[in-house]
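**Q** Before we start, here is the structure in question, set down as structure tokens.
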Amino acid sequence: MDDDRVLIALSALAQATRMQTFRLLVSREPDGVAAGELERLIGVPQNTMSTHLAVLSHAGLVKGARHSRTIIYRAELSQFTQLMSFLLKDCCGGKPDVCAPLIADLSSCCPVKSVSHD
């Protein structure tokens with residue numbers, strides 16, 4: 001990911017409705033959310049949501065797929081992962097203890113579930 005793509009993604013998320021929309025889509029993975037449902041849940045008119053989704057889509061953070069007459073939107077988690085990796089890549093500057101609190105915080109928000117092999 002290059003600086004320009006990072007700036008586009010960050011600017012897309014630097015607006016309250018778009019941030020709320022993205023967070024909602026992340027919470028609904030992997031199913032996604034229909035466009036009309038997004039409008040209702042976020043509380044914005046269709047044309048406003050359409051504009052916000054276009055900005056998020058241009059940034060590569062969301063993707064819509066048509067299912068019959070409905071468009072289902074999903075968060076592009078791989079793009080978001082690339083964005084976060086880009087931001088954190090040189091976080092430590094060779095000193096892992098600098099990033100340890102951040103990594104611990106990230107780990108606690110999304111614990112990996114162990115799989116039982118019984």
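Since every read-out is calculated from the coordinates, none of them should be taken as a lab result. This one's a predicted model, so the numbers in the text were calculated from it and none came from an experiment. Heads up, the Cβs are rebuilt from the backbone with ideal geometry, glycines too, and the neighbour counts pull from every protein chain shown.
**Q** So what does the Cα-only Debye profile of the stretch 1-113 read at q = 0.17 Å⁻¹, as log10 I(q)/I(0), no solvent term?
**A** -0.87
**Q** Treat the count of other C-beta atoms within 10 Å as a stand-in for reagent exposure and order Ser50, Ser68 from fewest to most. Please list the in-between numbers first.
**A** Working: Ser50 14, Ser68 6.
Lowest count first: Ser68, Ser50.
**Q** Expressed in nm to one decimal, what extension gain is obtained for the pair Asn47 and Ser68 from 0.36 nm per residue of sequence separation less their Cα-Cα distance?
**A** Working: separation 21, 0.36 × 21 = 7.56 nm, distance 2.03 nm.
Extra length available between Asn47 and Ser68 comes to 5.5 nm.
**Q** What is the extension gain from Leu77 to Ser27, computed as 0.36 nm multiplied by their sequence separation minus the C-alpha to C-alpha distance, in nm to one decimal? All intermediate terms of the calculation are to be shown ahead of the outcome.
**A** Working: separation 50, 0.36 × 50 = 18.00 nm, distance 1.11 nm.
Length gained, Leu77 through Ser27: 16.9 nm.
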